[in-house]
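Take a look at the structure below.
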Amino acid sequence: MKNVLICFVFFIAAGSIHAQDYIDLIKVSHNRATMGNVDTDAETDVSNTNAEVYFPVPLSDKAVVIAGFTYENTRLGLGFTDDRTNLIMTRLNLGLKLKHGNNWSGTYVALPKFASDFDGIGGDDFQVGGLALFEKKYNTKYGLKFGAYMSSENFGTTLTPLIGLWYKSKNSKFYINATLPIRADANYSLTEKFSLGANLLTSVKSYNLAETDSQFYVQEESIRFALFAAYGFLDNNLILRGKVGLDTTDYGAYNEGDTVGLQVLTFQVGGDDRNRLNSEFESALFFGFDLIFRADL
């Protein structure tokens with residue numbers, strides 16, 4: 001089901017367009033859901049907190065250094081141990097955005113990270129990724145971008161093709177901003193400060209379980225779709241959003257060293273004959289909020 005959903009949003013994006021006129025310097029999100037088990041009546045409360053901070057540093061009119069940090073903590077019961085587990089990811093985002101001419105630009109980012117339960121830090125917790133994104137800006141209302149994201153994970157290497165879209169209506173009340181299949185926002189302003197919209201976030205990543213002497217890891221495949229109401233403060237530079245949506249995230253536990261090689265989106269190129277140690281999680285409603293500090297470009 002997750003394969004179908006990710007491919008759906010990816011190919012829908014192919015007919016759309018992008019060009020962005022703002023940057024979110026700080027974003028803090030918190031979500032809560034109660035997720036069931038497809039095989040039993042067991043349930044677990046899942047809380048997810050994510051914080052992103054970015055520091056763009058202009059070098060010239062054609063080059064900007066992109067520096068940032070991402071922290072994410074998901075707390076839940078995995079189903080194959082008795083205790084609740086914290087799945088924590090800390091990532092450095094360091095790169096460069098360059099103007100290439102003819103309204104083309106490129107963004108190149110290195111993404112080293114630690115991802116585990118942080119019960120001690122070791123080599124199995126460290127992973128490294130990278131992103132390359134090319135953007136064609138047509139005017140102040142729309143453009144187009146495409147690229148790819150790649151990362152080493154405990155299960156192998158993940159490769160995600162990217163296509164971006166951004167569109168702002170003539171009256172500036174409606175916009176779509178997305179880098180699919182990773183994230184997307186659609187927003188319509190009812191007043192100068194109040195708006196309604198929809199949000200999509202997906203991810204594929206892994207966490208080493210150091211508390212089990214690194215004998216196991218967790219592979220997360222996540223799709224969260226939400227509807228939100230937003231209110232702007234400080235001339236709409238500070239935005240508070242309340243959300244309700246559907247969380248289809250699955251957290252599969254596997255033996256360390258049990259890998260699939262290359263995975264494109266959620267498809268294993270060489271097949272998947274791993275022995276999963278826990279049952280699949282059921283989709284569930286989630287509730288949450290975002291707090292965003294945004295700056296115009």
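Tabulated results
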read-out	value
Residue identified as modelled with pLDDT of 95 or more, over 17 Å from the mean Cα position of the chain (by Cα) and not small (G, A, S) among T85, T40, T74, T70	T85
Among (1) touching a residue at least 60 places away in the same chain (Cβ under 8 Å); (2) outside any loop (DSSP other than H, G, I, E, B) - the single one S279 does not satisfy	(2)
Residue among N103, N86 that alone is within 18 Å of G164 (Cα to Cα) and among the polar types (S, T, N, Q)	N103
Where a residue in the range 234-257 is basic (K, R) and its partner, wherever it lies, is crowded, with 21+ Cβ neighbours inside 10 Å and part of a loop (DSSP other than H, G, I, E, B), with Cβ under 6 Å and at least six apart	none
Pairs, first more than 16 Å from L144 (Cβ to Cβ) and in contact (Cβ under 8 Å) with a residue 40 or more places away in the chain in the range 90-117, second outside any strand (DSSP E or B) and open to solvent by less than 30 Å² (accessible area, probe 1.4 Å), C-beta under 7 Å, six or more apart	A115/D125; S116/D125; S116/A210; D117/A210
Restricting the range 40-54 to residues that are part of a strand (DSSP E or B) and among the charged types (D, E, K, R), the residue that is farthest from I26 (Cα to Cα)	E43
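The values are calculated or read from the model by the stated rules, or taken from the named source; none is laboratory data. Computed from a predicted model, the values in this text were never measured in an experiment. No Cβ is skipped: glycine too gets one built from the backbone with ideal geometry, and neighbour counts run over all protein chains shown. Only protein heavy atoms, including side chains, enter the accessible area calculation; ligands, DNA and RNA are left aside. Shrake-Rupley method; radii C 1.70, N 1.55, O 1.52, S 1.80 Å.
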